[in-house]
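Peer 1: The structure under discussion is supplied below as structure tokens; questions concerning it will follow.
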Amino acid sequence: MKTSLENHKIPGTIIFDGQRAIDGYALNKMCFSFNSAENRAAFLSDPDAYCRKFNLTDKQREAVKSRDVLGLLESGGHIYYLAKWGGIIGLGVQDLGAQQTGMTVEEFKAMLARGGAH
Amino acid sequence: MATIVGGIATSHIPTIGKAIGKGWCNEPEWKPFFDSYKPVHAWLEKVRPDVAVVVYNDHGLNFFLNNMPTFAVGAAARYDNSDEGWGLNVVPPFAGYPEFSWGLIESMVADEFDITSCQEMLVDHGFTVAMGLLWPKEKGPCPVRTVPISVNTVQSPLPSPARCYKLGRALGKAIEAFDEDLRVVVVGTGGLSHQLDGTRAGFVNKDFDLLCMEKIVTDPEALTDYSIPDLIRLTGAQGVEVIQWLVMRGALTGQVSKVHSRYHGVISNTSAAVMVLENSCADERHAREHVLQEHL
């Protein structure tokens, strides 16, 4: 599926278009379920079983296991839903940002305090 | 008839919600930020709105990808907040105003906007953080009834800046057509520049933020020339939330003057800002709509 947004490549930026919405539907649906405390507890008690219940692909399950944010985005995750998963495992948006940019969290925060990346 | 007293633009960063919940308003790190809302409170006490129409974006509390409306308008008597999954305290419900909501929906659909009406609608931090900043609980019970309007910023394609501005025009017309003596403030939440995802995470563009804050007052049509990809490039993948500011600005149908404006710099990952725009009268509306049609 070719979308008009693919004609507007923006470096370092993933556009959540129709194809990604298809690829990531199960993953995002799992993360959406984390609005419930009961579901968060169920995930923590057996993460891989919870991923299988939502029919995540092998690649997505592996990315959940290795906490690979860019891998999850590449396989269709949307950051708003992934943030709910991040919350469960103790990763806030600055932890997620640090991992994606290859910085330590301190470096990432310091970069933001200087006015962010340009 | 209802009148539009003005518009407010404000960031809705979750960390601010956390600071409100923890009562950190007078902590040294936070005091300058919260103090910058005091002129907003003074203005609200002066204009005394009865209703706030709050234009925000849902981040995965009420809407999921199974049904993703481009523009959703609340039509409930009450709006609940709920657990967003990552630890923000749940705040008490907000009063709605179904008769007014339906008046807006009928008018906007008649103006060719295909609105999704919601008789149940959970409101997330995009709505609640703004409300907590504008009407802090320390000042007593919230004095306004509310209409939440959610704009899709999740699933591309997103509505263009021009489309959002036009929605705002239809919203302003709908408010003023409502046959009740109401004072209405329109709030646009979100932004300014930020990006949470991808290797460009942490992107901020202060120059563009300041340009938006200038143009939103004097020349909002200039912002409608940008496409969504333009906005993502200039203000970050999540900075596109500024389209909600454009809905707010579009609804101000009269003479608009800036009452208050403050750019804070980065809080958490996001450029934070607040603005108050007063709307004095609707005399010019027909002339402005004529110009808008030519421009768009």
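The values are calculated or read from the model by the stated rules, or taken from the named source; none is laboratory data. All values derive from a computational prediction rather than experimental measurement. Backbone-built Cβ (ideal geometry, glycine too); neighbour counts: all protein chains shown. Accessible surface areas use protein heavy atoms only, side chains included; no ligands, DNA or RNA. Shrake-Rupley method; radii C 1.70, N 1.55, O 1.52, S 1.80 Å.
Peer 1: Given the conditions (1) open to solvent by 20 Å² or more (accessible area, probe 1.4 Å); (2) part of a helix (DSSP H, G or I); (3) β-branched (Val, Ile, Thr), which single one is not true for A:Thr13?
Peer 2: (2)
Peer 1: Follow-up. Please identify the pairs in which a residue from the range B:20-43 that is closer than 24 Å to B:Val144 by Cα and touching a residue at least 12 places away in the same chain (Cβ under 8 Å) has its Cβ atom under 9 Å from the Cβ atom of a residue that is part of a loop (DSSP other than H, G, I, E, B) and small (Gly, Ala, Ser), counting only partners at least 6 apart or on another chain.
Peer 2: Nothing qualifies.
Peer 1: Taking the stated definitions as given, is A:Ala41 facing chain B (nearest Cβ under 8 Å) and either open to solvent by 30 Å² or more (accessible area, probe 1.4 Å) or on the phi > 0 side of the Ramachandran plot (or both)? Walk me through it before giving the result.
Peer 2: Values: facing chain B (nearest Cβ under 8 Å): no; either open to solvent by 30 Å² or more (accessible area, probe 1.4 Å) or on the phi > 0 side of the Ramachandran plot (or both): yes.
For A:Ala41, the condition - facing chain B (nearest Cβ under 8 Å) and either open to solvent by 30 Å² or more (accessible area, probe 1.4 Å) or on the phi > 0 side of the Ramachandran plot (or both) - is not met.
Peer 1: Among the residues of the range A:45-76 satisfying the criterion of being assigned to a loop (DSSP other than H, G, I, E, B) and among the hydrophobic types (A, V, I, L, M, F, W, C), which is most open to solvent (accessible area, probe 1.4 Å)?
Peer 2: Per the stated criteria, the residue is A:Phe54.
Peer 1: Something else now. Among the listed residues B:Pro161, B:Pro148, which satisfies the condition of being out of contact with any Asp or Glu (no Cβ under 6 Å at 6 or more places or on another chain), crowded, with 18+ Cβ neighbours inside 10 Å, farther than 28 Å from B:Glu45 by Cβ and at pLDDT 95 or above?
Peer 2: B:Pro161
Peer 1: Looking only at the range B:257-277, count every residue that is more than 14 Å from every other protein chain (Cβ to nearest Cβ) and surrounded by fewer than 19 Cβ atoms within 10 Å (Cβ to Cβ) and tell me the total.
Peer 2: 6
Peer 1: Hey, another quick one. Any residue in the range B:73-94 that is loosely packed, with under 15 Cβ neighbours inside 10 Å sitting within a Cβ distance under 8 Å of a residue that is aliphatic (A, V, I, L, M) and part of a strand (DSSP E or B)? List the pairs, counting only those 6 or more apart or interchain.
Peer 2: B:Ala77/B:Ala95; B:Arg78/B:Ala95
Peer 1: Let me ask something else. Looking at (1) loosely packed, with under 15 Cβ neighbours inside 10 Å; (2) over 25 Å from B:Gly96 (Cβ atoms), can you tell me which one B:Leu65 breaks?
Peer 2: Tallying (1) loosely packed, with under 15 Cβ neighbours inside 10 Å; (2) over 25 Å from B:Gly96 (Cβ atoms), B:Leu65 fails exactly one: (1).
Peer 1: Please count how many residues of the range B:204-245 are in contact with a Ser or Thr (Cβ under 7 Å, 6 or more places away or on another chain), in contact (Cβ under 8 Å) with a residue 12 or more places away in the chain and within 13 Å of another protein chain (Cβ to nearest Cβ).
Peer 2: 13
Peer 1: Pick out the one residue from B:Arg163, B:Arg183 that is more than 10 Å from chain A (Cβ to nearest Cβ) and over 26 Å from B:Gly60 (Cβ atoms).
Peer 2: Within the list B:Arg163, B:Arg183, the selection yields B:Arg183.
Peer 1: A further question on this structure: What's the total number of residues in the range A:45-76 that are of a type in the set (S, T, N, Q) and within 14 Å of another protein chain (Cβ to nearest Cβ)?
Peer 2: 1
Peer 1: Looking at B:Ser107, is it farther than 30 Å from B:Arg262 by Cβ, out of contact with any Gly (no Cβ under 6 Å at 6 or more places or on another chain) and open to solvent by 30 Å² or more (accessible area, probe 1.4 Å)? Spell out how you get there, then give the answer.
Peer 2: Numbers: farther than 30 Å from B:Arg262 by Cβ: yes; out of contact with any Gly (no Cβ under 6 Å at 6 or more places or on another chain): yes; open to solvent by 30 Å² or more (accessible area, probe 1.4 Å): no.
No: the conditions fail for B:Ser107.
Peer 1: Since B:Gly202 meets every condition but one in (1) open to solvent by less than 10 Å² (accessible area, probe 1.4 Å); (2) on the phi < 0 side of the Ramachandran plot; (3) not aliphatic (A, V, I, L, M), which condition does it not meet?
Peer 2: The one condition B:Gly202 does not meet is (2).
Peer 1: From the list B:Val40, B:Val54, B:Val47, pick out the single residue that is β-branched (Val, Ile, Thr), crowded, with 24+ Cβ neighbours inside 10 Å and under 24 Å from B:Val185 (Cβ atoms).
Peer 2: B:Val54 is the lone residue from the list that is β-branched (Val, Ile, Thr), crowded, with 24+ Cβ neighbours inside 10 Å and under 24 Å from B:Val185 (Cβ atoms).
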